[in-house]
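A short write-up of the structure that comes next.
The values are calculated or read from the model by the stated rules, or taken from the named source; none is laboratory data. Every value quoted in this text rests on a predicted model; they were computed, and no experiment measured them. Neighbour counts are summed over all protein chains in view; Cβ atoms, including those assigned to glycine, are modelled from backbone coordinates with ideal geometry.
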Amino acid sequence: MKTIQKSTLALLASLLLSTASYATVNCQQTQNVQSFVQRFYVKILDRQPDNAGLDDWTNKLIAHERTGATLAEGFIFSGEYTGKVTNNESYVTTLYKAFFNREPDTEGFNGWVGDLNDGSKDRAQVLHGFLYSGEFKNLSDSYGIQAYDGAPFTSPDLDAFVTGFYQVVLGRTPAPTEVAYWTAKLSTGESTGSDIAHGFVFSGEYNEGSKSDTAFLTTLYQAFFNRAADTDGMNYWLAKIAEGMDRVTLLENFLQSAEFVNLTNSYGILAYPGAPTANTGDNVAPVANAGSDQSIEQGTQVTLDGSLSQDSDGNIACYWWREGSDILGDNKTLTLPTNELSIAPHTTTLTVVDDKGVTKSDSVVLTIEIPTVTTQAPKQTGQIKSYDASGTEVTDGSIKDDGFYQKGIEPSYTRDDANNIVTDHITGLQWQDDANVSTVTKPWLTQTNYDICRGQNGQTQDTSKCTDTSGDTAVTYCSSLSLGGFTDWRLPSIDELMYIADRSKANPAIDTSYFVNGVSIRWSSTSVVGYEYGAWIVSFGSGSVIWYNKSGSYRLRCVRDGQP
């Protein structure tokens, strides 16, 4: 590499200052590295990571201070793991699961255990055999991590870095062998980002001598800063060229800038020999703040807010939320439905990454509680007259029914016209009321399951199929429904469906001020006791409750547990 003279150092310092704000952090790659660390905690120590340990190992891997092998040794030889009473069989099984991501094969397992039992190898030697294997290298590669010192590694990110040079500088897509050539040199440290830059810019294929100064600078900005040239920067460098700066010196200034260092760090490679890595220098680590612990009832939504996280000497480039190995979201805030969470504490971890690539994590505990059940008077049915068995109106008070008592809470609905959802403010239930309510029909059971349920049409009877709602059915229609931003819809029970019937009316027996779509027969999710091949329905023509065979195809109205 050409040495930059003192007269150029001031220029380089100017470039460093002018571009220091252009940090490039590869959020997905950092997340992958953290996932690699997290799985070691689970597979080896049988627990979720503590935040301090998770951040420390992740940052060391990102900064290339550790390899996959040294990370593995740190876990296997830790006091926490060696303090466990493990026999040779358990030890080898752990190595397979942690470093090969699979169960042991019989031949390999017996070979390693035999070596330990007869003393021909100790545990460190067996571990070495795993860590320097092709299988562990492939696992490390899949997370974008170098398996061990001197090991070449491949990753989609590194491939993208090399491919970008071919496309921007040479204007073509590289052959796989060309990408492999450069990624091997970069991953082992044989070459740096600066080396590949020189190889491309001063290649015969690029033919920089045929390019105008403006075209040459445009290529440098796109290739080494991954952006278009800013006007001030372009004019500055054109002036320097006019003053006599040659292109080799110009290229060196770009390659030793903070912006190029940040770009190469984001791909896990050095910009040039001795270049700072993502975690070196005077960078102050960010502060992650996942907010306060919360206790919420199951079935409600909870919002987690990481907006109080901060970076005192820069900006936060990435956010993500994790529970165990599952990434829940990658925004500053996260809204979670709790209807599928168990009644227990749940630890959710927020990780933030600053613009130098340093991670910091903080956790919040969500305690999911049993929903509060309140006892209240029933809603008015709407019936205002009494009738005898023949349908004749009775006015002497001899029949004590809803028409006589007329008790209960007044119905209270609102309709969200934009999303076609009706909310019942007494029950808290939210009802589907889009155009599909008037048109979609589904069976309760598929014909095949209905035939098996009843043992007919050549099918052997299996009564478990009487409640198997898989396939194209009313239940699966509701569970797959997305309406108003909600995806937790379900088929209502008969009690829930009866609750929206208005028996002060007929044809339809429902309040059409709110329920504007569909007034016919509706499936419920409730089977008929003693006749498991049938299910209850409500006819919103008359408000009556009857049952039909589950093979019939009728309309439906889905419901969700909303808020009163």
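Quick notes on this structure:
- Selected residue (criterion: nearest to the chain's Cα centre (by Cα)) from residues of region 320-333 that are under 16 Å from V37 (Cα atoms) and part of a strand (DSSP E or B): I327
- Filtering G403, G382, G391 for residues that are buried (at least 17 other Cβ atoms within 10 Å of the Cβ), modelled with pLDDT under 85, among the small types (G, A, S) and in a loop (DSSP other than H, G, I, E, B) leaves a single hit, G382.
- Pair list, Cβ < 7 Å and 6+ apart or interchain, from region 524-550 residues that are assigned by TED's automatic domain parsing to the domain that holds C453 to residues that are modelled with pLDDT of 90 or more and charged (D, E, K, R): Y533/R454; Y533/K550; G534/K550; A535/K550
- Counting only helices (runs of 4 or more DSSP H) that sit wholly inside region 17-109, not one has at least 3 residues that are surrounded by fewer than 16 Cβ atoms within 10 Å (Cβ to Cβ) and among the aliphatic types (A, V, I, L, M).
- Among the numbered conditions (1) in a loop (DSSP other than H, G, I, E, B); (2) at pLDDT below 90, the only one that R522 does not meet is (1).
- Flag if L336 is of a type outside the set (G, A, S), in a strand (DSSP E or B) and free of Cβ contacts under 8 Å to residues at least 40 places away in the same chain: yes
- Note on region 292-318: among residues that are under 24 Å from E340 (Cα atoms) and not polar (S, T, N, Q), the one that is nearest to the chain's Cα centre (by Cα) is L304.
- Test for C466: is it in contact with a Lys or Arg (Cβ under 7 Å, 6 or more places away or on another chain) and either of a type outside the set (K, R) or not assigned by TED's automatic domain parsing to the domain that holds I546 (or both): no
- The residue that is modelled with the lowest pLDDT, among those in region 256-281 that are over 18 Å from G314 (Cα atoms) and either buried (at least 23 other Cβ atoms within 10 Å of the Cβ) or of a type in the set (S, T, Y) (or both), is G268.
Condition check ((1) touching a Cys at 6+ places or on another chain (Cβ under 9 Å); (2) crowded, with 17+ Cβ neighbours inside 10 Å) across all residues:
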{"position": "T463", "(1), (2)": "yes, no"}
{"position": "C466", "(1), (2)": "yes, yes"}
{"position": "D502", "(1), (2)": "no, yes"}
{"position": "A506", "(1), (2)": "no, no"}
{"position": "I521", "(1), (2)": "no, yes"}
{"position": "W536", "(1), (2)": "no, yes"}
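- Qualifying residue in region 474-488 (condition: touching a residue at least 60 places away in the same chain (Cβ under 8 Å), in the same structural domain as I426 (by TED's automatic domain parsing), more than 13 Å from W431 (Cβ to Cβ) and in a strand (DSSP E or B)): no
- Count of region 449-461 residues which are over 15 Å from G552 (Cβ atoms) and either touching a strand residue (DSSP E or B) at 6+ places or on another chain (Cβ under 8 Å) or surrounded by 12 or more Cβ atoms within 10 Å (Cβ to Cβ) (or both): 4
- Residues of region 117-136 that turn out to be farther than 17 Å from P104 by Cβ and either among the polar types (S, T, N, Q) or part of a loop (DSSP other than H, G, I, E, B) (or both), as a count: 6
- Taking the conditions (1) in contact with a Gly (Cβ under 9 Å, 6 or more places away or on another chain); (2) under 27 Å from K385 (Cβ atoms) in turn, V528 satisfies each one other than (2).
- Within region 286-323, the set of residues being modelled with pLDDT of 90 or more, surrounded by 13 or more Cβ atoms within 10 Å (Cβ to Cβ) and of a type in the set (G, A, S) comprises A288, A290, G291, G306, S309, A317.
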